[in-house]
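Have a look at the structure below before the remarks.
The values are calculated or read from the model by the stated rules, or taken from the named source; none is laboratory data. Here the structure is a predicted model, which is why all the values come from computation and not from measurement. Backbone-built Cβ (ideal geometry, glycine too); neighbour counts: all protein chains shown.
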Amino acid sequence: MNPIKLDPTQHKVYFQNKGCDLSICGAMCCKGWDINLAAQEHKQKIYKSESFCSRDKKICLKTSEHCFNRAYRLKKKKNGSCTYLDDENRCTIYNTRPIVCRNFMCDSGYKLEPVCSLDETVDDSAQQCFFNGALPFSAIFLFNPYLELRKTLKTKNATELVFKDVTSCKEKRVSLMGLSYDKKQITYLLGYFNGKRPLQAIYENVKFSTKQDFLNLVMYLADEEVLVGVVSKS
């Protein structure tokens, strides 16, 4: 069973392994998001924490304790990870971790959001599965749910696809040399890659001069991480 499941409808990633396997999840629960604290945990100064506005996510420096939007969280490193996460993705305060960490279960999946530090670098820790080896027509691909096609740009010899990547603060650009698509056409094509249809079924519904041209495009999009989550069937 593939330990990673991508849900494009909810824009979530699920890790389907029993127990905590850091080699698979990369401690995603400790990276990129606010790790909220109970008010009492913050006030007791047990942890390196800060107050922030729950509306705009900015640090709150006001002294009044009566703001409805005031919340508390653990501080982060510049790369967006928890201040208590070490270089091996392990929690350095595991035995005394906050209540939210003790109660956290990853079964509900991770909602993917952009992760940017203050210096605009990107901590892209999302785990993805890609296909290696020969490409059979029974293979099944999923259009990368981390990506959202924003526009297409046409040049003399290529069509450039411009995606928004929810795991990054930068655009992802993919150039299709020798191929001409508009946004409607490429959206239609990518829509077929829903993690359920084998390549044979997709090929029968799209217009390509040869099967090899179609396979070449699929392999290229997989190399560019536009298509993910391959499953091979006999």
| task | Kindly provide the set of residues from region 140-154 that are without any contact (Cβ under 8 Å) to a residue 24 or more places away in the chain and of a type outside the set (A, V, I, L, M, F, W, C), ordered by number. | result | 148, 150
| request: Please work out which one of (1) closer than 20 Å to residue 161 by Cα; (2) more than 27 Å from the chain's Cα centre (by Cα) is the condition residue 211 fails and give its number. | output: (1)
| Whichever residue in region 164-194 is under 23 Å from residue 28 (Cα atoms) and in a strand (DSSP E or B) and, among such residues, is modelled with the lowest pLDDT | 165
| field | Cβ-Cβ under 6 Å pairs, at least 6 apart or on other chains, region 22-37 side more than 13 Å from residue 91 (Cα to Cα), far side in a loop (DSSP other than H, G, I, E, B) | value | 24/3; 24/17; 32/80; 32/115; 37/98
| message | Checking residue 233 against (1) at pLDDT 85 or above; (2) more than 21 Å from residue 176 (Cα to Cα), only one condition comes out false. Which one? | response | (1)
